[in-house]
1. In the range 133-170, how many are away from the ligand (no atom under 16 Å from the Cβ), hydrophobic (A, V, I, L, M, F, W, C), within 24 Å of ASP242 (Cβ to Cβ) and outside any strand (DSSP E or B)?
2. Failed condition for VAL292, given (1) away from the ligand (no atom under 16 Å from the Cβ); (2) not in a strand (DSSP E or B), with all others met?
3. So which of ASP212, ASP186, ASP217, ASP158 is touching a Gly at 6+ places or on another chain (Cβ under 9 Å), over 30 Å from ALA323 (Cα atoms) and either modelled with pLDDT of 95 or more or charged (D, E, K, R) (or both)?
4. Do we find a residue being within 16 Å of the ligand (Cβ to nearest atom) and among the aliphatic types (A, V, I, L, M) anywhere in the range 238-252?
5. I'm trying to understand the selection: among the residues of the range 184-207, which are closer than 17 Å to VAL150 by Cβ and within 16 Å of the ligand (Cβ to nearest atom)?
6. Quick one: which helices (runs of 4 or more DSSP H) sit completely within the range 316-434 and have at least 1 residues that are modelled with pLDDT of 85 or more?
7. Among the residues of the range 266-287, count how many are over 24 Å from ALA388 (Cβ atoms) and not in a loop (DSSP other than H, G, I, E, B).
Amino acid sequence: AQPAALVTALFHLGEMVTATQSVNEDTLQLLGAEIGWNIEVVSPEDEDRELLETFDLTFGDEGDEEDWETRPPVVTVMGHVDHGKTKLLDAVRNTNVVAREAGGITQHIGAYQIATELDGQERAITFIDTPGHESFTAMRARGAKVTDIVVLVVAADDGVMPQTVEALNHAQAAEVPIVVAVNKVDKEGANPAKIRQQLTEYGLVAEEYGGDTMFVDVSAVTRQGLDDLLAAILLTADAALDLRANTEMDAQGVVIDAKLDRGRGPVATVLVQRGTLRVGDSLVAGDAFGRVRSLLDEHGAKLKEATPARPVQVVGLTSVPRAGDTFLVVEEDRVARQIADRRQARIRNAQNASMRKRISLEDLDAALKENRQLNLIIKGDNSGTVEALEDALMKIEVSDDVSLRVIHRGVGAISKSDIDLALADDVIVIGFNVRAEGQATELANREGVDVRYYSVLYSAIEEIEAALKGMLKPEF
Ligand code: GDP
């Protein structure tokens with residue numbers, strides 16, 4: 001129906017709306033009755049659930065409790081910039097003696113698992129290898145609950161900073177237990193007691209102060225305290241969480257990272273959440289599908305199977321899924337393809353809908369005269385960074401007069417078809433850690449398309465912010 005007609009129909013129902021305003025479900029149903037339709041509002045999650053149900057599949061069902069086994073905790077490291085998240089992740093990665101014996105070079109695949117000992121027992125811990133709360137939040141926003149425990153890194157020579165607070169807010173909102181790593185205790189001027197003191201204000205009270213949060217003094221440089229940190233993670237998991245998962249069923253889980261590899265094609269790092277993933281399995285991950293050709297761990301070693309909490313690289317998909325997509329193993333290739341096709345169609349529809357201008361009727365005239373919308377196309381080297389960048393950009397505060405929209409995003413070099421898409425006013429093409437293909441560069445130069453390259457999140461955000469400000473015309 002035409003927006004104007006719908007607005008009129010709603011007006012008869014006593015509702016004042018504009019052509020782009022969202023209306024609630026009740027109103028929609030009334031509207032349906034008015035025009036003789038039966039309207040049902042379906043959320044994307046419900047729609048996906050229904051889609052899976054048509055194939056007799058459910059995502060997230062743990063199945064029979066007798067098939068449950070203890071699984072390792074999954075940890076995300078968060079904290080203020082420069083407090084040592086990356087360094088700590090590197091230090092922990094190198095505690096893995098087993099890995100060193102295997103001789104493989106550790107690759108950054110988005111997550112890794114280490115083995116440690118607690119009370120004479122061999123235990124494993126999985127670390128998500130992208131520090132910071134951006135990917136944590138992006139994943140949660142997409143419904144993927146991956147993290148069991150947050151390690152909050154605070155530099156002992158600095159103290160609680162804005163991103164420390166932001167990170168702990170995210171963790172607390174998600175009800176994920178926190179272990180505090182008081183880092184850089186090797187440095188002069190380190191004051192670990194001050195950190196404990198400061199964090200009590202945010203409800204994180206150290207055990208030694210009578211609270212229930214474990215604080216561990218560490219140095220990512222001297223490696224002091226690393227074993228204690230690992231122990232604290234396991235003790236916190238044992239005390240607060242019942243980490244068990246079904247190991248018998250077809251595997252399900254989440255895509256942590258994905259990229260297009262020159263030699264191997266689409267490669268996705270997935271975290272198995274339940275079930276056992278095996279070579280030869282047919283799987284669908286978001287709108288990508290394929291059959292598992294090989295499974296590789298973080299050392300590049302081939303695995304036959306992956307059990308819950310095991311991060312593993314999957315080779316064999318026909319396209320690149322997005323970080324945060326869920327995956328599940330299905331009976332046969334045909335089913336995987338059908339589910340992927342249906343999801344692709346839905347994504348296309350949603351993109352088309354969001355590209356249609358959202359303007360109120362009143363603004364229509366003004367908006368037609370002046371298009372004050374900045375459109376972006378984001379290409380990056382992996383889906384995690386693309387999403388982190390998109391998220392950060394969408395958080396830029398803009399005035400009502402201008403708006404920012406991501407009209408397309410993807411993994412890989414900027415292609416000619418990206419530039420084609422950009423051949424409209426006010427489109428900026430962003431290459432994050434990727435360049436444009438030759439033909440694309442030619443076309444962009446010829447048509448005057450604004451293509452910008454970044455490798456640092458901050459500079460991208462700053463420049464886009466500046467571009468938006470530039471669009472604000474002076475008021476008279
Ligand atoms: P991130 O931004 O939180 O990931 O921080 P980085 O891991 O990049 O660390 C920031 C800086 O602090 C780097 O120069 C590190 O070498 C340094 N650093 C990290 N951990 C320690 C530590 O335990 N002791 C000392 N002395 N320096 C550290």
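1. Summing the residues that are away from the ligand (no atom under 16 Å from the Cβ), hydrophobic (A, V, I, L, M, F, W, C), within 24 Å of ASP242 (Cβ to Cβ) and outside any strand (DSSP E or B) in the range 133-170 gives 3.
2. With respect to (1) away from the ligand (no atom under 16 Å from the Cβ); (2) not in a strand (DSSP E or B), VAL292 is out only on (2).
3. The conditions single out ASP217.
4. no
5. Listed by number, the list holds a single entry, ILE195.
6. 333-355, 383-394, 416-422
7. Number of matching residues: 7.
Every residue, every condition in (1) in contact with a Pro (Cβ under 8 Å, 6 or more places away or on another chain); (2) among the acidic types (Asp, Glu); (3) closer than 23 Å to THR106 by Cβ, yes or no:
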residue: ASP227; (1), (2), (3): no, yes, yes
residue: LEU234; (1), (2), (3): yes, no, yes
residue: MET249; (1), (2), (3): no, no, no
residue: ARG264; (1), (2), (3): no, no, yes
residue: VAL284; (1), (2), (3): no, no, no
residue: HIS299; (1), (2), (3): no, no, yes
residue: VAL330; (1), (2), (3): no, no, no
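The values are calculated or read from the model by the stated rules, or taken from the named source; none is laboratory data. Bear in mind that the values here come from a model prediction, so they are computed numbers and not experimental data. For neighbour counting, all protein chains shown are included, and Cβ atoms are generated from backbone atoms with ideal geometry for every residue, glycine included.
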